[in-house]
1. Skip the ligands, DNA and RNA, and give the accessible area per residue of region 295-370 with a 1.4 Å probe, whole Å².
2. Using a Förster distance of 30 Å, how high is the FRET efficiency between Gln106 and Phe79, based on the Cβ-Cβ distance and rounded to 0.05?
3. Go from 0 up to the bin containing the longest alpha carbon distance in the chain, width 20 Å each, and give me the % of pairs per bin.
4. Summing +1 for each Lys or Arg and -1 for each Asp or Glu, what net charge is found among the other residues whose Cβ lies under 13 Å from the Cβ of Glu690?
5. Count the net charge of all other residues whose Cβ sits under 13 Å from the Cβ of Arg411, scoring Lys and Arg as +1 and Asp and Glu as -1.
6. With the calculation restricted to Cα positions, what are the radius of gyration and Dmax of region 239-286 in angstrom?
7. Name the long-range amide H neighbours of Val402: under 5 Å, sequence gap of 5 or more, or other chain; modelled H, no Pro or chain starts.
8. Per the Kirkwood definition applied to all pairs of different Cα atoms, how many angstroms is the hydrodynamic radius of region 324-383?
Amino acid sequence: RNPAKAVKDVVESAAEKVTEALTPQVPGAPGSAPPSLAEPTTPHDPLPPKPEQGTPQTRTPTGAKTGTPPTAKGQQGPFLTTAQGARLRDTDHSLKAGPRGPVLLQDHHLREKITHFDHERIPERVVHARGAGAHGLFTAYGTAENVTRAGFLRKGRETEVFVRFSTVLGSRGSADTVRDTRGFATKFYTDEGTFDLVANNMPVFFIQDAIKFPDIIHAAKPHPDREIPQAQSAHDTFWDFVSLHTEAQHHTMWNMSDRGIPRSYRTMEGFGVHTFRMVNAAGETALVKFHWKPKLGVHSLVWEEAQLLNGIDPDFHRRDLYDAIEAGAFPEWELGIQVFPDTPEETFAGIDLLDPTKIVPEELAPVQPIGKLVLNRTPTNFFAETEQVAFHVGHLPPGIDVTNDPLLQGRLFSYVDTQLTRLAGPNFSQIPINRPHAAVNDMLRDGFHQHAIHAGVAPYRPNSLDGGNPFPAGDDDHPFVDVPVQVAQAPKIRQSPASFDDHFSQARLFWLSMSPVEQEHIIRAYTFELGKCYHQAIKERQLQCLANIDPVLCAQVATGLGLPAPKPTVPLADVEPSPALSQVGRQWPVDGRTVGIVVTDDSDLDTLHQVRRAVFAADMVPLLIAGHGGMIGDLPVQRTFATGRSVEFDALLLAAAPPPAPDALPARDAKAGAANSATVDPRVLLLVEEVWRHAKAIGAWGAGVTVLDQAGVTGSPGVVTGDSADDVFGTVQQLMTNHRVWERFPASVG
Ligand code: HDD
């Protein structure tokens with residue numbers, strides 16, 4: 001009997017079973033049932049490899065959509081091999097001079113294995129290092145056909161995309177829910193060449209000229225001496241920069257608002273920031289700004305939730321994106337454009353369209369929907385896809401061109417340049433995730449990591465040796481259009497236009513557009529961040545900026561800092577608020593949100609089944625929380641009082657009043673030495689207190705109602721009780737469409 005063969009047989013038969021068992025469950029796998037909303041967070045043993053890991057998807061020049069078979073596979077065949085394909089008998093023991101002897105230099109397998117491992121890491125992105133990605137599909141409505149000749153925007157066209165969301169400041173391993181701008185970069189694999197829309201979740205940027213980008217990033221990244229703080233703007237160098245370069249004040253206001261702490265990547269807007277130029281089939285041009293509008297509405301965390309999550313689940317946004325897609329709650333956005341006439345002044349309603357610190361309020365130029373994005377597939381391999389994807393604002397299809405925005409102009413240089421270091425050479429477009437789906441026939445040759453074996457001898461034009469190939473595209477062959485914009489006769493000069501000097505009016509516009517609750521959050525954010533600074537002069541300088549934006553804002557932050565509020569040094573701008581900027585006061589679908597349900601072994605199982613069904617039917621995910629793991633009747637427990645924390649749930653239902661357990665935290669009055677009068681587990685009380693404080697809906701029936709009494713929240717807004725669990729959940733569901741129970745926050749900031 002050959003033991004090696006016996007082991008191989010066992011392993012192969014197990015692998016077959018796993019593949020068989022898994023195949024129908026993979027969303028989007030050929031022949032599988034359409035994905036349905038399942039429980040993404042059900043505890044389970046680590047999953048075996050997904051079936052598709054056998055053949056990592058590889059982009060081919062002609063595109064995966066055409067069904068062209070992959071040209072390369074990550075793993076081929078069942079046997080362990082060296083990188084050269086020689087089969088190996090043993091990878092667990094070095095080659096030694098006897099069992100107790102020294103390791104031999106000739107062990108080429110040992111050296112290959114360790115050398116490769118030693119070089120597994122590549123430099124993280126200099127900004128936006130922390131990210132999460134997903135595949136999806138973009139479908140055009142055709143509404144942009146009159147302004148652009150871009151083929152992928154023709155009615156009904158479907159284009160595969162890859163999206164990478166990110167924070168800006170933190171390192172690769174930093175937490176997701178820090179206060180920061182978020183990246184929202186989309187790669188459209190169009191059949192006329194790749195289009196990268198390298199956007200953020202805020203419509204303005206810190207600086208007006210790319211030459212300052214290294215400076216703002218140096219100021220915002222951790223201090224160079226101790227390398228702290230990580231992924232934070234709450235430190236001296238950041239506030240030093242933004243108070244000295246006052247053009248940053250508008251973007252900083254967005255950062256201090258709830259937009260700086262999104263609830264989920266799925267609930268973020270996205271903005272191309274710059275004005276782009278579109279050109280249609282007739283050669284007519286228009287200026288446009290790109291907007292992504294999330295189907296679920298804009299929704300943010302509250303600051304305490306964000307802080308707790310940094311410890312409890314630093315991967316909160318990454319997990320949320322992955323879980324939602326795996327559960328079939330595919331995130332959706334509409335792409336829209338604001339369209340402006342392409343006039344020589346490049347302004348609209350007096351707003352300079354080349355100034356990336358300015359928005360054009362939607363009330364002045366509506367966002368017109370031009371297509372829909374659905375993210376429906378998670379990456380197979382984080383490194384290969386999310387880490388190696390390389391975006392570039394210069395990846396443009398015919399019909400979309402750049403403008404002279406000086407920030408955009410600098411970006412046109414930076415993105416390719418940075419990949420040369422990060423992805424080690426000029427051939428990063430050949431990495432599978434970066435390969436265009438349009439046919440490529442360039443004259444770029446050689447370089448590190450060249451994957452193509454180019455045939456022919458004449459990579460130059462014109463030539464007489466390769467039959468003249470490649471040929472220039474004619475007007476009818478969908479060539480890229482460099483719009484022949486007139487360049488002004490002007491002296492060569494290091495200077496911005498005078499219109500770029502207005503640094504406060506739009507920060508004021510944003511502030512005045514916020515609801516009282518949102519203003520309150522902004523005040524607290526400034527107070528927190530400036531309170532973390534050590535230098536008095538920096539706090540005072542930033543207060544001066546706030547005085548120039550709004551006296552109420554300035555006075556409130558000054559009070560929090562214990563400093564006098566300065567008087568404005570510029571006249572306060574007379575601006576019209578833009579209600580579209582506020583997140584409050586609208587209703588949104590609740591798809592993919594999580595509802596925690598507190599249960600005990602005594603809970604009525606029929607009612608639990610009924611509530612779970614109702615939650616699923618509302619396209620949400622119910623998570624049972626109990627004092628122990630395992631099962632309650634025939635239902636799985638997904639969180640225990642030890643593993644669950646309020647910040648994971650968007651709403652809480654109480655079906656029971658769990659008594660204190662031996663492993664519970666000490667209750668408050670027990671700490672003081674008094675007898676513990678609480679009859680409910682203090683961890684459940686904490687759950688309720690936090691969910692209440694974070695303004696989330698709470699529902700209770702039966703014994704659950706007594707928990708509300710002990711937590712002291714009975715009768716407050718958004719706390720629902722009743723005899724019928726169905727009715728209670730119905731009201732909770734309704735409350736969730738507002739995202740939060742806003743009434744629980746203080747009513748005004750006066
Ligand atoms: Fe940038 C990455 C968005 C200004 C230089 N940027 C990067 C990413 C996003 C943005 C979403 C992450 C892409 C990914 O997921 O791989 N950046 C913006 C926006 C800006 C902006 C919306 C202003 C409107 N960026 C900007 C300037 C410069 C850069 C002015 C340089 C002059 N950005 C970079 C970079 C990065 C980058 C260094 C780092 C990693 C990468 O490009 O691939 O080139």
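1. Details: 2710 Å² over 76 residues.
Counting only protein heavy atoms, the per-residue value for region 295-370 is 36 Å².
2. FRET efficiency, Gln106 to Phe79: 0.85.
3. Final binned percentages: 14, 43, 33, 8, 0.
4. Details: positive: Arg645, Arg683, Arg693, Lys696, Arg744; negative: Glu304, Glu305, Glu648, Asp650, Glu689.
Around Glu690, the surrounding residues sum to 0.
5. Values: positive: Lys212; negative: Asp196, Asp209, Asp405, Asp417.
Net of charged neighbours comes to -3.
6. Spelled out, the Cα radius of gyration and Dmax of region 239-286 are 16.7, 49 Å.
7. Arg277
8. For region 324-383, the Kirkwood estimate is 14.6 Å.
The values are calculated or read from the model by the stated rules, or taken from the named source; none is laboratory data. Just so you know, these numbers come straight off a predicted model, no measurement behind them. Because the Cβ atoms are built from the backbone with ideal geometry, glycine has one as well, and the counts that use them run over all protein chains shown. With ligands, DNA and RNA removed, areas are computed over all heavy atoms of the protein, side chains included. Shrake-Rupley method; radii C 1.70, N 1.55, O 1.52, S 1.80 Å.
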